[in-house]
Every structure is written in structure tokens, then in C-alpha cells.
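The values are calculated or read from the model by the stated rules, or taken from the named source; none is laboratory data. Keep in mind it's a predicted model, so treat the numbers as computed, not measured. Neighbour counts are summed over all protein chains in view; Cβ atoms, including those assigned to glycine, are modelled from backbone coordinates with ideal geometry. Only protein heavy atoms, including side chains, enter the accessible area calculation; ligands, DNA and RNA are left aside. Shrake-Rupley method; radii C 1.70, N 1.55, O 1.52, S 1.80 Å.
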Amino acid sequence: MSNNSFSPIHVVGGGLAGSEAAWQIAQSGVPVILHEMRGVRGTDAHRTDSLAELVCSNSFRSDDATANAVGVIHAEMRLANSLIIACADRNQVPAGGALAVDRDGFSAAVTQEIDAHPLITVVREEVTGLPPKEWDLAILATGPLTSPSLAQAIQAETGEDHLAFFDAIAPIVHRDSIDMNICWHQSRYDKVGPGGNGKDYINCPMDQAQYNAFLDALIAGDTVGFKEWEGTPYFDGCLPIEVMAERGRETLRHGPMKPMGLTNAHNPTVKAYAVVQLRQDNALGTLFNMVGFQTKLKYGAQAEIFRMIPGLQNAEFARLGGLHRNTYIQSPMLLDRTLTLKSRPGLRFAGQITGCEGYVESAAIGLLAGRFAAAERKGVDPVPPPSTTAFGALLSHITGGHLMSEDEPGKRSFQPMNVNFGLFPELEPGSIVRPEGVKRFRGKDKTIMKRQLMAARALKDCSRWLALG
Ligand SMILES: Cc1cc2nc3c(=O)[nH]c(=O)nc-3n(C[C@H](O)[C@H](O)[C@H](O)COP(=O)(O)OP(=O)(O)OC[C@H]3O[C@@H](n4cnc5c(N)ncnc54)[C@H](O)[C@@H]3O)c2cc1C
């Protein structure tokens, strides 16, 4: 280790997030001790001892920084000298518009850079409890497969309801792709409730024939099995929608699709046979989740079957549903804007355990946590990126942009999410205008222009933020 005058920051977990966090801290001149358990203890998904191992796909998804939110976050990471993106760029394999990598070459490159850095010390050990007092600044980046003893310690600190071990995710839909000529806003029995206005849900009506056809499609739909080590985690009120459908033809009509307490604003005299409800998912009001629609259906089947729902025929999904092993905390309640656990100053979380999803997003949150911790070590107040950037949009989702559910206070209402334009604040009114000389300017053209403008705004604001230091 170096003779640097700063005390080290401890990073636990040498995955995508922890490696990036360690790199950012060390590049700012602060020493790091990176604790990684692989080498002495494995996980159920990792196969090697390399840092930043990719456990499944070898793709970092779209690299289009002009109109794709994932491409924008790649570009922001390049601007911030990300190790993960630099190693991905160096180990790229052909994949059309996507950034895909030679997985072994990529992890070897990250491991080599970290091992060679004079300010980083890698310790191969399992950290079994919360960081001891002597580690005054630490980052936990132990990912979706955090070892059980550490998970238990996190749970003891945060409270039982604030650490989830499975994603039970219902699909999330972009609000502007829902057909409001068919759907209407109304809360069941017009209940105002705390913080509501009686019109909080978007309702999609079905007649009997539509319900029966939908039920048949759900029952026939292809599903994904559980991995051996995942078990079958069906628990309290979190049954997959297709499992409920199999239990009887009336089960859904008396469960998540019950039509009671709702009057179709477009057709008040005709009672719907069943209703699918969507609830606002983010503070911006751009995303809505399908209430009670957690599912193990394959992605292709989900998109096809859920577009059978009246009003969702053109639905664009910000994410599809799923149910799989994942350890993550209720970040919106537990973390502040700089990813610090409110109950333990000096302790930050990073990566998928914060409730972001995916390699790129985990590395991006690792990058931010590393920068925030390094700033704190230097006695500077960390400044979060503006929410108009992809960094900031994702950070806002994790640390407060998500709305907590009234029905399930705190519990499981916050679900992991990939970066997408639904997390970005809207553009200034009047930003989307038909370009001169263009005759036909349809909805699809407007959506493309909106994404392009959001992407350009993000990169400009990210450069400004990085220039602050
Ligand atoms: C089966 C599976 C398949 C996936 N497939 C994909 C995919 O195809 N694409 C995608 O984008 N995302 C995928 N993901 C999600 C993916 O895991 C994350 O996006 C990403 O790896 C998260 O990065 P991370 O750094 O938060 O966690 P990880 O990359 O998992 O890193 C966490 C590290 O912490 C270490 N660790 C855990 N506990 C301790 C401890 N107590 N002490 C010390 N070290 C510890 C682990 O060994 C690991 O190296 C998948 C996840 C799983 C479980």
C-alpha cells in the first residue's frame, strides 16, 4: 500500500459495482481496500475468481448514445473515466448496435487494472458482518447474491421488511403508450386515501369474452423455470398471475382483476366483467405498474399476452415481469441522495443491492458511490448528478423517485429497474416541434425526437456536473 495521507476506504464485493467504485476512489488519489470473497467462497452463479465476472449474458446492451437510455449511460461513464466501460471497449466483440464483450477478456482486464493500481489492495475474504467502526468509510457492493451472513447483518440493521431476497416484479408500462380512449383514471370506490386524489389508478376494462380469451392465453403461455438453487419462492400475495389463472377461471376476477368499485368513464352504464389496474410507479408519473401482475411468463409471451388487454394494445414496457433470486434493500427509504445508509453515516451501498438492475446500471451506481465516498474522504460535500442525466435519473429512482405503495407500506413495492427514459424528467414544454420541411410528423417521430433531446440534454448536463470536480 502507498504512503498516501488519506485513510483507506473499504469496498466490499469485487463485482461490476465494487470494481468500478474502487477504481474511481483510487483514481481520485484515495487508497482502497477491496474485499472479495471469491477465491475463498463462491456464489451460486459465478464460475471464476475474476473481478467483475459477467454471470450470464456478455452484453452491455445498446451503445446508442443518441436515442437509447442505456447508450446514454455508457457515454456518461466514458466521460467519467469508467474502468468497466474502458475494459468493455477494449474487449468488444461484434454485436450490431450493442456493446458486447469477450467475457473472459473483459474480466481479466478489470482484474489486471485493479491488481496493478498502486492505491488498491485486494483482500480475498468473506465479510460476514457490517463494517467494523474502524472502517469509517465503506461501500457494500455485494450484489444480488450477497453471502447469507452479511445479508443477515444488513437485515438486522435495516429491519426485516427492508431487505428482499426475490424480485417479484409486475410489468411496468410507459404512461404515454396507454390508450386513454379506452382506459380511465379512478381509484377503487373513489378512495382518496393518504396522498391520493381518488383517481390514482389507470383502469383497463374487459368484457366476458375478452377475459376468457386472456385467461386461456395466460394458461397456455410459456414460462421460465426456477433455477435449482432458487427454490420456489411463492409467498404471501405474490403468486404469479398465470399460477392464479390456473387455480380457477374466477380466481383473477376475485383477485387482482376484480371489477368492483370502478365505473368506466367512457361507458358508465356497462359494468366491466374484469379490470386490470395500473398504479403510478415513479414520482414523475411517466411509468405505471400492472397491479398484481408478477409473472414467470417468458418475455415474448408477456408482451404478446399483455397487449391483449384493452387499452394496452400498443403498450411499451419499461420492464417486463419476473420472479427470481435477488438481494436488494428498500433504498428509497434507507439511503440518502449520496447512497449513504441514513442509520449509519459513512456506510454506502452500491450496485444491484441498491435496487438498480443490470451490469451497466450496477457499475454506474458503483461509479457514483466511489466518487461520493472519495469526496467525503477529502472533506468535500458530495454533489449528486442532476436528474436530467442518466446517472441522476437512475440515482433518483433508487433514492426517492419511486413511489411507495399504500397497500403494502414499505414492503416489496420498490422493485429493481434498468435505466430508461421513463426515469428522466420531462422536457420543457414546446421542445418537440416538427422539423422544417418535414410533412408527416407522427407520434412515433415525436417519441424519437423526445429521446434524442433527452439524450443530448443528459450528456450536456453530465459534462457540466463532472466539471464541478
Ligand atoms: C443468475 C443471474 C443472471 C444474471 N444475468 C444478467 C444478465 O444477463 N445481464 C445483466 O445485465 N445482469 C444480469 N444479472 C444481474 C447481475 O448480477 C448484475 O447486473 C451485476 O452483476 C450486479 O453487479 P454487482 O456488482 O452489484 O454484483 P456482482 O457482480 O454480483 O458482484 C458482487 C460481488 O460481491 C461478492 N460478495 C458477495 N458477498 C460477499 C461478502 N460477504 N464478502 C465479500 N464479497 C462478497 C461476490 O462474490 C461478487 O463478486 C444476473 C444476475 C443473476 C443472479
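Dipole of the chain (Lys/Arg Cβ +1, Asp/Glu Cβ -1, origin at the Cα centre): which of 111, 159, 416 lies farthest to the positive side?
Checking the options against the dipole of the chain, the answer is 416.
Along the Cα-to-Cβ line of residue 93, 7 Å from the Cα, sits a label point; which residues in segment 19-63 have backbone N less than 14 Å from it?
Counting backbone N atoms under 14 Å from the label point, the list is 54-61.
Given points 7 Å out from each Cα along the Cα-Cβ axis, report the residue 440 to residue 4 separation in nanometres with one decimal.
Rounded to a tenth, the inter-label distance reads 5.8 nm.
For segment 171-320, what is the relative contact order in percent, using Cα pairs closer than 8 Å and at least 6 residues apart in sequence?
On the way: 253 pairs, mean separation 62.0, N = 150.
RCO, segment 171-320: 41 percent.
What's the angle, to the nearest 10 degrees (0 to 90), between helix 208-220's Cα axis and the longest principal axis of the chain?
That helix lies at roughly 40 degrees to the long axis.
What is the calculated FRET efficiency for residue 448 to residue 55, with r their C-beta to C-beta distance and R₀ = 30 Å, to the nearest 0.05? Don't jump to the answer; show the numbers that get you there.
Details: r = 33 Å, r/R0 = 1.11.
Step by step, r from the Cβ atoms, then E = 0.35.
In the neighborhood of residue 440, defined by Cβ-to-Cβ distances under 14 Å, what is the net charge if each Lys or Arg adds +1 and each Asp or Glu adds -1? Present the calculation step by step, with values, prior to reporting the outcome.
Details: positive: 434, 439, 442, 444, 446; negative: 436, 445.
Its environment carries a net charge of +3.
Lys and Arg at +1, Asp and Glu at -1: add these up for the other residues within a Cβ distance under 12 Å of residue 221 and post the number.
Values: positive: 296, 298; negative: 216, 222, 242, 246, 304.
With Lys, Arg at +1 and Asp, Glu at -1, the neighbours total -3.
Hey, any idea what % of the chain's accessible area is carbon plus sulfur with a 1.4 Å probe? Walk me through the numbers on the way to the answer.
Working: 10330 of 19910 Å².
Result for the chain: 52 percent of the exposed heavy-atom area is carbon or sulfur.
By the gyration tensor of its Cα atoms, with a ≥ b ≥ c the square roots of the eigenvalues, what is the shape of the chain: rounded for a/c under 1.5, prolate for a/b over b/c, or oblate? Before the final figure, lay out each step's value.
Values: a/c = 1.90, a/b = 1.54, b/c = 1.23.
In terms of gyration-tensor shape, prolate.
Starting from the Cα of residue 344, step 7 Å toward the Cβ, then list every residue of segment 85-125 with an amide N under 19 Å from that point.
The answer is 123, 125.
Along the Cα→Cβ direction, 7 angstrom out, place labels at residue 45 and residue 79. What is the inter-label distance in nm?
Roughly 2.9 nm, to one decimal.
Cα-Cα over 25 Å: which of 199/342; 296/444; 133/378; 271/446; 191/258; 298/450? It would help to have the intermediate numbers written out before the result.
Numbers: 199/342 33 Å; 296/444 30 Å; 133/378 19 Å; 271/446 36 Å; 191/258 16 Å; 298/450 30 Å.
As for pairs spanning more than 25 Å Cα to Cα, those are 199/342; 296/444; 271/446; 298/450.
In Å², and per residue, what accessible area does segment 171-320 have when probed at 1.4 Å with the other protein chains present? Mind showing how you got there, number by number?
Details: 7030 Å² over 150 residues.
So segment 171-320 comes to 47 Å² accessible per residue, rounded to a whole number.
Work out how much length residue 232 to residue 316 would gain on full extension: take 0.36 nm times their residue separation and subtract the Cα-Cα distance, in nm to one decimal.
Numbers: separation 84, 0.36 × 84 = 30.24 nm, distance 2.92 nm.
Between residue 232 and residue 316, full extension yields 27.3 nm more.
Subtracting the Cα-Cα distance from 0.36 nm times the residue separation, let me have the gained length for residue 192 to residue 263 in nm, one decimal.
Net length gain for the segment: 24.0 nm.
What distance in nm separates the simple spin-label points at residue 468 and residue 152, each placed 7 Å from Cα in the Cβ direction?
Result for the modelled spin labels: 4.2 nm.
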